[in-house]
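Read the structure below first, then the notes.
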Amino acid sequence: MATTAAPAGGSRNGAGPEWGGFEENIQGGGSAVIDMENMDDTSGSSFEDMGELHQRLREEEVDADAAAAEEEDGEFLGMKGFKGQLSRQVADQMWQAGKRQASRAFSLYANIDILRPYFDVEPAQVRSRLLESMIPIKMVNFPQKIAGELYGPLMLVFTLVAILLHGMKTSDTIIREGTLMGTAIGTCFGYWLGVSSFIYFLAYLCNAQITMLQTLALLGYGLFGHCIVLFVTYNIHLHALFYLFWLLVGGLSTLRMVAVLVSRTVGPTQRLLLCGTLAALHMLFLLYLHFAYHKVVEGILDTLEGPNIPPMQRVPREIPAVLPAARLSAVVLNATTKAVAVTLHSH
Amino acid sequence: MAEAAESPGDPATASPKPLFAGLSDISISQDIPVEGEITIPMRSRIREFDSSTLNESVHNTIMRDLKAVGKKFMHVLYPRKSNTLLRDWDLWGPLILCVTLALMLQQGSADNEKDGGPQFAEVFVIIWFGAVTITLNSKLLGGNISFFQSLCVLGYCILPLTVAMLVCRLVLLADSGPINFMVRLFVVIVMFAWSVIASTAFLADSQPPNRKALAVYPVFLFYFVISWMILTFTPK
């Protein structure tokens, strides 16, 4: 007795009332660009099949809709309508196939879900790891745990870039080929990625139990010490303070990394090689960052001490994009001897 | 006309009925075909767009897009928790702002002496790659915001910094000195805070609640770098 009204386009509602909830969640329309975006909307790899479900449902709707529209047209136009319908169907199928292939390729190559487990951290964890990176642990008989995450190291590298930019501008650095931003980004990322790979290669030679991800994480967290030192010394221009911080803070973070590596390596020669290389590179990098980008302070000391000090000649330094090692040592020597000379003069 | 036939013995009528329960008892005669278009609203809207936007005049299209961009600018200047930026995202606004900022920050021709200023391409690349990096980061942290929505929000929230750039340019027309610098510093800091707050208001809801700080920190760094470029800009 109770009959329900049957709509004529019944096949159009291929997604019945029970799937209606999905349609409200689908954003945007039916164009290809936004389709890709909807596939991106899946926020976890477990939801990828949901995204495919949406895709399939929408394709079914579009198919059913196209079929229904063609049926209506075909009725009116007869034979001509049939041919047009056929060509339209063929074109439609080709388009669907192409779109499916493109979206499959897109989801294969642009799949950032590969990196997702490395970003699975909480703020409290990041904070505790930052603090632990400054505390060397004495226990070296037992392989120490290294957190394999990439969020902390990546953020520290970006912070270092920001601090370098701040320091470069306050120091009137002149850069010939290349730009300030490019140099800063290139230096920091180059150090992080390059030295991590080099240490991983050495660890492979020395038979240490460490993976590439762990060297990336270890070195990344080691940059926390660099950030602190540079942040302080770019604002307080005192060489003695810089050396103190270099030894203390830089030394602490180096000791921590060395302790972790020692706990994972067997044999004295291997330990010496690996840890010596890492310590040297780490400390020298901090030295390089300070001196290559930091103004020498004779001018300030000059104004503080008064007229009896002979005026220092400050030559505008041209720093090419890559500072060769010889120039670096000359610059460092210059800076230290000048600072020493000024302090001696003042006494 | 549909005739309604009640069935007295229907068990549904005995118990207290929900609102439209009586409708199930209506029977419809076979003479009257029941037909019509059951359209899903989204699809019909798209059909409308397809036919109408192609035929309208260029003036109409431009004005409509400009109005949409202007409306989003208002949302950025008075940030409330709304999702207008998220729902109808577009990248026109960020493009306009980025080009404006890059043009104003350009240092002119490269001299031999002071070649340290940012060039147009540099600013452009920094803004877009910075926004892409932040988007990837927030997606990897488990946020459920789409790629282009995030780009849209980050681009639109550069508006306060562009205003700061304009103000700094005007202030630099006066003679330079420490007061000049303090004024510019104050303006840039205020606009930087405004940008960060605006983008947080839009982006924070898309993150899991305990990881908001992790997603906001790179936004802070991004706007810090842009503010630094604005503050240290000195015309030749």
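Observations on the structure shown:
- For residues of A:150-157, the mean tally of beta carbons on other chains within 10 Å: 2
- Remark: mean inter-chain Cβ contacts per residue of B:211-217 equal 4, using a 10 Å Cβ-Cβ cutoff to other protein chain atoms.
- Its relative contact order, with pairs defined as Cα atoms under 8 Å and 6+ residues apart, puts the stretch A:139-305 at 34 percent.
- Note on B:Phe186, A:Phe119: ascending count of other Cβ atoms within 10 Å places them as B:Phe186, A:Phe119, the fewest first.
- Within the stretch A:139-305, the ratio Rg/Rh, alpha carbon atoms throughout and Rh by Kirkwood, equals 1.02.
- Residue exposure sequence - B:Trp89, B:Trp128, A:Trp95 - by fewest surrounding Cβ within 10 Å: A:Trp95, B:Trp128, B:Trp89
- The residue among A:Leu284, A:Thr215, A:Val232 whose Cα reaches farthest toward the positive pole of the charge dipole of the stretch A:139-305, with charges on the beta-carbon of Lys, Arg, Asp and Glu, is A:Thr215.
- The stretch A:139-305, dipole about Cα centre (Lys/Arg Cβ +1, Asp/Glu Cβ -1), debye to the nearest 20: 560 debye
Any read-out appearing in this document is the output of simple, stated calculations on the displayed coordinates, not a laboratory observation. As the structure is a prediction and not an experimental result, all values here were calculated from the model. Ideal geometry is used to build each Cβ from the backbone, glycine not excepted, and the neighbour counts take in all protein chains shown.
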